[in-house]
Amino acid sequence: MPKPSDVVPVSALPRPLDLTYPSNRAALLGTVAFGAATLLLGRGWRQALGVGGAAFLGWATGRELDPDFHVSALVALGLAGTASLSQTERGRAHTAPALLPGFAALSAVRILSATVGHPVSPQDAAALSIQAGVVALAGHRTPALLPAAALALSGTQQDSLRPEASWGAPAALGAGLLPALRRGPAPERPRQMYGDLLSLAALSLSRQITAPETPDSRCDQGPTLVSASRLQASRALSLGALALGLVRRESSALLPLAAACLGTGLRRGLDLQDANAER
C-alpha cells in the first residue's frame, strides 16, 4: 500500500496504489490476469471486469484485515478471482460478480481498521452512507449494513481516530435499510455455492482469525501503528457479515470479504512468518 505522506489527507477512505511495491504490482498483474482469463473462457466484458474487480477487492480487503503480511492478501486475490470466475456462465451476464457490495465491505473494514490513520470526517460518513444506500437499492442487504456497523464500532474505540460526526452511523444505517429497487420479478442472481464455500471455510477458522494480534504496520499517515483492538474488531465484524450472508443467501456478494478472511485465517493457522518487509 502507499508510503506514509507528510500531507494529512482530508479523507480516511482512499489508499492510492503505489506501484513501487512488488506486492502492489503483483496485485495489479493478478487482477489483469483474471480478467483476461475470463475473456479467454468465452465470457463477456462485463463478466471479465467483475472477475478482475472481485480479485482486486479480495486483495485490497486482505491488506486491511492483515496489514503485516502480503501473503494473506495475495491468497485472497487468488481465492476471490477463482471463485468469482467459477460462478460465471457463458452467455449469462447476470453471473458477473457484483462489485458494489465488495467495495462497501472494503470501505467498512478500512475505516474500522483505520489503516489510513485519519479519523472519519463528515464527508467520509456521507460517502459511506451513499455507498450503503446504493448497495441496499441494488438488493444486497447484508453488505449494505456494513458501513453503519463499522462506523458504530469505530466510535467505541478509545483513540483519536473515532468518527468526527456522531450522525454517521445512524445515517448509514438508514441508508442501508432502504428497500431494493426492483421492477417485475426478482432478478436472477449468481450461484451461491462458491460464496458459501469460502464463507464456511473462513468461519471454520474464526478462532485463528479473531485471536488477539499486535500489528507492526504503520498507518499511511503519520507514525501511528495500526491498532490491535481495531484490527480485531474489523476481523470480527467481517466474520459476522459472512455468517449473516450465509443465512440470507447473499454469500456471492461477499466473495472478496470471505476470501480476505480466509487468507488471514490460513496465514495465522499455518503460522506463516513472511512479515511485511516493504513498510
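Is it the case, given these coordinates, that Leu112 is touching a residue at least 60 places away in the same chain (Cβ under 8 Å), surrounded by 20 or more Cβ atoms within 10 Å (Cβ to Cβ) and either farther than 21 Å from Leu161 by Cα or touching a Pro at 6+ places or on another chain (Cβ under 7 Å) (or both)?
It is false that Leu112 is touching a residue at least 60 places away in the same chain (Cβ under 8 Å), surrounded by 20 or more Cβ atoms within 10 Å (Cβ to Cβ) and either farther than 21 Å from Leu161 by Cα or touching a Pro at 6+ places or on another chain (Cβ under 7 Å) (or both).
So which of Pro147, Pro101, Pro97 is assigned to a loop (DSSP other than H, G, I, E, B), open to solvent by less than 20 Å² (accessible area, probe 1.4 Å) and under 24 Å from Gly50 (Cα atoms)?
None of the other options fit; the residue is Pro97.
Given the conditions (1) open to solvent by less than 30 Å² (accessible area, probe 1.4 Å); (2) part of a helix (DSSP H, G or I); (3) modelled with pLDDT under 90, and given that Pro2 satisfies all but one, which numbered condition is not satisfied?
(2)
Looking at Leu197, is it under 17 Å from the mean Cα position of the chain (by Cα) and buried (at least 16 other Cβ atoms within 10 Å of the Cβ)?
When the stated conditions are applied, Leu197 does not pass them.
Considering only segment 9-49, how many residues are open to solvent by less than 50 Å² (accessible area, probe 1.4 Å) and not β-branched (Val, Ile, Thr)?
Final tally of qualifying residues: 20.
Going through Leu153, Leu178 one at a time, which residue ends up being in contact with a helix residue (DSSP H, G or I) (Cβ under 7 Å, 6 or more places away or on another chain), open to solvent by 10 Å² or more (accessible area, probe 1.4 Å), modelled with pLDDT of 95 or more and not in a helix (DSSP H, G or I)?
Testing whether each residue is in contact with a helix residue (DSSP H, G or I) (Cβ under 7 Å, 6 or more places away or on another chain), open to solvent by 10 Å² or more (accessible area, probe 1.4 Å), modelled with pLDDT of 95 or more and not in a helix (DSSP H, G or I) leaves just Leu178.
Every residue, every condition in (1) at pLDDT below 95; (2) farther than 23 Å from Ala104 by Cα, yes or no:
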{"residue": "Asp196", "(1), (2)": "no, no"}
{"residue": "Leu200", "(1), (2)": "no, no"}
{"residue": "Leu205", "(1), (2)": "no, yes"}
{"residue": "Thr210", "(1), (2)": "no, no"}
{"residue": "Gln232", "(1), (2)": "no, no"}
{"residue": "Leu239", "(1), (2)": "no, no"}
{"residue": "Ser252", "(1), (2)": "yes, no"}
{"residue": "Ala258", "(1), (2)": "no, no"}
{"residue": "Leu270", "(1), (2)": "yes, yes"}
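Output the residues belonging to segment 50-93 that are on the phi < 0 side of the Ramachandran plot, open to solvent by 10 Å² or more (accessible area, probe 1.4 Å) and not in a helix (DSSP H, G or I).
Within segment 50-93, Asp68, Phe69, Glu89, Arg90, Arg92 qualify.
Would you be able to tell me the number of residues in segment 64-74 that are of a type in the set (A, V, I, L, M) and over 14 Å from the mean Cα position of the chain (by Cα)?
Result for segment 64-74: 1.
Consider Arg92 against the criteria (1) more than 17 Å from Asp196 (Cα to Cα); (2) at pLDDT 95 or above; (3) more than 11 Å from the chain's Cα centre (by Cα): it satisfies all of them except one. Which criterion is unmet?
(2)
Determine, yes or no, whether Ala241 is under 18 Å from the mean Cα position of the chain (by Cα), under 21 Å from Leu266 (Cα atoms), aliphatic (A, V, I, L, M) and buried (at least 21 other Cβ atoms within 10 Å of the Cβ).
yes
The values are calculated or read from the model by the stated rules, or taken from the named source; none is laboratory data. Please read these numbers as outputs of a predicted model, since none were measured by experiment. Glycine also receives a Cβ, built like all others from the backbone with ideal geometry; neighbour counts cover every protein chain displayed. When the accessible area is computed, the model is the full protein with side chains, heavy atoms only, and any ligands, DNA or RNA have been set aside. Shrake-Rupley method; radii C 1.70, N 1.55, O 1.52, S 1.80 Å.
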